[in-house]
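Throughout, read-outs are computed from the coordinates displayed, never taken from laboratory work. As the structure is a computational prediction, the values presented were derived from the model and not from experiment. We place every Cβ from the backbone using ideal geometry, glycine too, and count neighbours over all the protein chains shown.
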Amino acid sequence: MLAASPAVAQQAKFLKKHGDWSSYVSAGTAKKVCFVVAQPRDQAPKNVKRDPVYFYVSHYPADKVKNEISIKMGYPLKPGVPVEITIGDKKFKLFTKGEGAFVEKKADENA
């Protein structure tokens, strides 16, 4: 899970900018990781103290994982508290770990 693995993000090689998204590939890690990352255009509530928020969509070819959604929230999240995000007209349920929220259902990875 990329948001839980800062070492991968720090060693990533920038590939290209695609609108709001930037694409990267891991560099110097045992398994290849490809991902796109973006920051939200808007956040609510506005008065929350936090580090930057990042949305990730990751691919782990060796593990046959595609389109894994994760979010780095910029502050520690309470374990076990469900998170729901809406992208367009689709809703996704995520679980929390540290500062990250990760897709719960594998089927949602290709939604």
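With a sphere of radius 15 Å drawn around the Cβ of Lys32, what net charge do the other residues whose Cβ falls strictly inside it have (Lys, Arg +1; Asp, Glu -1)? Numbers along the way, then the final one.
Details: positive: Lys13, Lys31, Lys64, Lys66; negative: Asp63, Glu68.
Taking every Cβ under 15 Å from that of Lys32, the sum is +2.
Listed here are the pairs Lys32/Lys93; Lys16/Lys72; Lys49/Lys72; Lys32/Lys72; Lys64/Lys97; which of them are more than 24 Å apart at the Cα? Display every interim value, and only then the final one.
Details: Lys32/Lys93 26 Å; Lys16/Lys72 21 Å; Lys49/Lys72 14 Å; Lys32/Lys72 20 Å; Lys64/Lys97 22 Å.
Result: Lys32/Lys93 exceed 24 Å.
HN-Hα J couplings of region 14-21 from phi, Karplus 6.51/-1.76/1.60, θ = phi - 60°, integer Hz, Gly and Pro as x?
After applying 6.51 cos²θ - 1.76 cosθ + 1.60, I find 5, 9, 6, 9, 10, x, 7, 9 Hz.
Mind scanning Lys31/Lys66; Lys66/Lys105; Lys17/Lys46 and naming the pairs with a C-alpha gap bigger than 19 Å?
Values: Lys31/Lys66 14 Å; Lys66/Lys105 13 Å; Lys17/Lys46 27 Å.
Violating the 19 Å Cα-Cα cut-off are Lys17/Lys46.
Need one number: nm distance between label points at Arg50 and Gln11, each 7 Å from Cα along Cα→Cβ, rounded to one decimal.
2.8 nm
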